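Since the structure comes first, as structure tokens, the remarks are kept for the end.
The values are calculated or read from the model by the stated rules, or taken from the named source; none is laboratory data. These figures come from a predicted structure and were not determined experimentally. All Cβ positions, glycine included, derive from the backbone under ideal geometry; neighbour counts span all protein chains shown. To get the accessible areas, we keep the full protein, side chains included, count just its heavy atoms, and leave off ligands, DNA and RNA. Shrake-Rupley method; radii C 1.70, N 1.55, O 1.52, S 1.80 Å.
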Amino acid sequence: MRNWPLFQLSITTPRLELRYPSLDDLDELGERAAEGIHEAGYMPFAVPWSETEPAERARRTIQYHFRQWSEFTPEKWSVDFVVVFEGQVIGMQGMVAEHFPVLREVRTGSWLGRRFQGKGIGTEMRAAALHFAFAGLGAEWAATDAFEDNHASLAVTRKLGYHDDGSALLNRQGEPAVNLRFRLPRAGWTPAEGVEIHHLDACLPLFGLPTPSP
């Protein structure tokens, strides 16, 4: 699509492809959400969207991406990649920013289908997102957060070198929960091996960035 080049955008790693989703990709992503993301009785998300019935969870997953597509502007954007492993969509890796050309900061968030967890994929897809932010978009900071009992997410964050950036008390399903914040400066980022970004140049104006000179 000439007028929306994000549909060609992708990132590859030794095992994964992160790509801006097609409608078929979103349908498959909805199936992963319907299958389950976390164990019953535990909520890793500030907004408990994953506790609905499976069919509704699938629909909400797709609607979320439609909403992000329609609201994308250089001043406030969300780019949400589907994560593909061995030819199958297994989760999503998102990145959001406001006033990026000025602030040069992104925030990341992600989820994986439960049956694909515990394989190191979470680390690999976050490393790909950081490569996109720092090497692709020229970010100076990457931020993330997680509840203090989300041990898998915290392990990925610490492995990739983020610094503690405070905490906040949030209402999680009617109970107080500590949410931990982290930031990673460009100077503290270590590029992962084998990560490549594809078809970014045509997308840069959508992020409020100049296209490289020929």
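If you check E98 against the conditions, is it closer than 22 Å to N179 by Cβ and open to solvent by 50 Å² or more (accessible area, probe 1.4 Å)? First the steps, then the outcome.
Working: closer than 22 Å to N179 by Cβ: yes; open to solvent by 50 Å² or more (accessible area, probe 1.4 Å): yes.
When the stated conditions are applied, E98 passes them.
How about segment 165-182: which of its residues are open to solvent by 70 Å² or more (accessible area, probe 1.4 Å), touching a residue at least 24 places away in the same chain (Cβ under 8 Å) and in a strand (DSSP E or B)?
R181
Of the residues in segment 155-164, how many are closer than 19 Å to L103 by Cα and buried (at least 20 other Cβ atoms within 10 Å of the Cβ)?
Just the residues of segment 155-164 that are closer than 19 Å to L103 by Cα, to begin with: 162-163.
Retained after the next criterion (residues that are buried (at least 20 other Cβ atoms within 10 Å of the Cβ)): 162.
Number of matching residues: 1.
Pairs under 9 Å by beta carbon, first residue more than 16 Å from D24 (Cβ to Cβ) and open to solvent by 10 Å² or more (accessible area, probe 1.4 Å) in segment 72-91, partner among the polar types (S, T, N, Q) and assigned to a strand (DSSP E or B), six or more apart or different chains?
Close Cβ pairs satisfying both conditions: F72/S78.
Quick one: count up the residues across segment 121-154 that are at pLDDT 95 or above, open to solvent by 40 Å² or more (accessible area, probe 1.4 Å) and either under 30 Å from P54 (Cβ atoms) or touching an Asp or Glu at 6+ places or on another chain (Cβ under 8 Å) (or both).
2
Given the criterion hydroxyl-bearing (S, T, Y), touching a residue at least 24 places away in the same chain (Cβ under 8 Å), farther than 21 Å from G91 by Cβ and surrounded by fewer than 20 Cβ atoms within 10 Å (Cβ to Cβ), identify the matching residue among T211, T190. Let's see the steps before the verdict.
Values: T211 fails: touching a residue at least 24 places away in the same chain (Cβ under 8 Å).
Going through T211, T190 in turn, the sole match is T190.
Consider segment 106-120. How many of its residues are buried (at least 17 other Cβ atoms within 10 Å of the Cβ) and either assigned to a loop (DSSP other than H, G, I, E, B) or touching a Phe, Trp or Tyr at 6+ places or on another chain (Cβ under 6 Å) (or both)?
The total comes to 1.
Report, by residue number, each residue of segment 194-214 that is of a type in the set (A, V, I, L, M, F, W, C) and part of a loop (DSSP other than H, G, I, E, B). Spell out how you get there, then give the answer.
Let us first name the residues in segment 194-214 that are of a type in the set (A, V, I, L, M, F, W, C), namely 195, 197, 200, 202-204, 206-207, 209.
Answer for segment 194-214, where residues must be of a type in the set (A, V, I, L, M, F, W, C) and part of a loop (DSSP other than H, G, I, E, B): V195, L200, L209.
For F132, work out the one condition from (1) closer than 15 Å to A97 by Cα; (2) outside any helix (DSSP H, G or I); (3) aromatic (F, W, Y) it doesn't fulfil.
F132 satisfies every listed condition except (2).
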